[in-house]
Each structure stands twice: as C-alpha cells, then as structure tokens.
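Notes for the one structure printed next.
The values are calculated or read from the model by the stated rules, or taken from the named source; none is laboratory data. Keep in mind that what you see is a predicted model, and the values were worked out from it rather than measured. Glycine also receives a Cβ, built like all others from the backbone with ideal geometry; neighbour counts cover every protein chain displayed. SASA here: full protein model, heavy atoms, side chains in, ligands and nucleic acids out. Shrake-Rupley method; radii C 1.70, N 1.55, O 1.52, S 1.80 Å.
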Amino acid sequence: YLAMSSNQLTSSLADSIYDLHELTELLIDGNEFTGTIPEKLANTESLIGITAEENNFFGQLPANIFSWNILILEFSVNLLSGPLPPSNTKISDLGLDWNSFTGTVPEILWDSSSSLLLINLARNLFHDTITFTSQQLQGIALSGNMFSGTLPSPTFLSLYSLNSNFYTGTVPTNL
C-alpha cells in the first residue's frame, strides 16, 4: 500500500515503483504527475487498485490495461485521450471521467461477462448508442459526451447519469 495523495509531486512515476512486487494499492491522486501510463505497472502482480485522479497523465491507455489484475482503476481528471482498448476486464470500479477519450465504448464493458460495478466515463468525447446486458452493473455516469439514440433502460442501476448527451424519444417507463 503506497499513499502519496494530495501533495504537489511532479515528474513521471519512479521506476522503483515497478519493483514493489507486494504493492496492492497505489494512491497518487491530487498531484502533478505527468507522462503516459506505464505498461510496467502490469508487472506489479499484487496491485489491485490505482487511484491517480487529478494529475497530468496524458496519451492513450496501454492496450492491455483492461487485462491487468486491477479491480479499481481511477484516472479521472487527467489529459488522457484516444479510444478505449477493446478488451474484457476484471475491473469493478472504472473512473475515466474528465479526460478527452474519443470513439465508441467497447460493448464488452456493458455485457454480461464484464466485472464492472461502477463506470464513470463522463465529460469525454464518446459517441455511440448503448445497450446494457450486464445485470451486475450498479452505477453508470456518462454525462457530457455525445451518446445518442433512445435512452437505455436498465432496471438494476442505483446511479444513472446520462445528462448532456444527444438522446431522443421518450423516457422509459421503468425509470
């Protein structure tokens, strides 16, 4: 467990972090770290949570990031961009809001094989129509994107935030 949140730390992540093989959680939110998300983090086999919100990480997510053994992945309020990698995930809590991600969201994140419980992709540049098939998804925040079509109508969500998109039609009766 390594917690360095809410400081004024700068530069990229130190290479010595990748040698901490027993590291389970990395809490570095609220700093000024920069650089791309290093693929070397996947080598930290015990790592199950990364909270790196409110930094200056940039570039695309590593292509294999969703296959890491991580359960919590929080990179909200950074400078990340590009599409999300199309891959199944073990992640249960995914926070990528307030970045500049583009394209469509891989359907595998919404389907019944996904482990996601909470997903926050608000304030990006995603576009698509969405169909949920995952019954374990508990919360979703997609506000401030370019999603369109009719409103999806899952009955199993406790958090459902879709404002500031381009949805049309009527509100589903089960909401």
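Starting from the 7 Å offset along Cα-to-Cβ, what nm value, one decimal, do you get for the label separation of THR102 and GLN136?
Distance between the two pseudo-spin positions: 3.4 nm.
At a probe size of 1.4 Å, how large is the accessible area of SER143, to the nearest 10 Å²?
Around 10 Å² of this residue is reachable by solvent.
What ranking of LEU175, LEU80 comes out by heavy-atom accessible area, probe 1.4 Å, highest first?
From most accessible down to least: LEU175, LEU80.
Provide TYR160, TYR18, TYR1, TYR167 ordered by accessible surface of protein heavy atoms (probe 1.4 Å), highest first.
TYR1, TYR160, TYR167, TYR18
In whole percent, and with a 1.4 Å probe on the protein chains, what portion of the accessible area of the stretch 24-175 is carbon and sulfur? Numbers along the way, then the final one.
Numbers: 3540 of 6760 Å².
That share works out to 52 percent.
Mean-square fluctuation check for the chain, GNM, Cα pairs under 10 Å: which of ALA122, ALA14, ALA52 is largest?
ALA14
Taking amide H positions as placed 1.01 Å from N in the peptide plane, with prolines and chain starts having none, which residues 5 or more places from GLY59, or on another chain, fall under 5 Å of its amide H?
Correct list: SER81.
Here are several values of semi-axes √(5λ) of the Cα gyration tensor in Å: [x] 37, 20, 14; [y] 30, 17, 13; [z] 67, 15, 12. Which one was derived from the coordinates shown?
[y]
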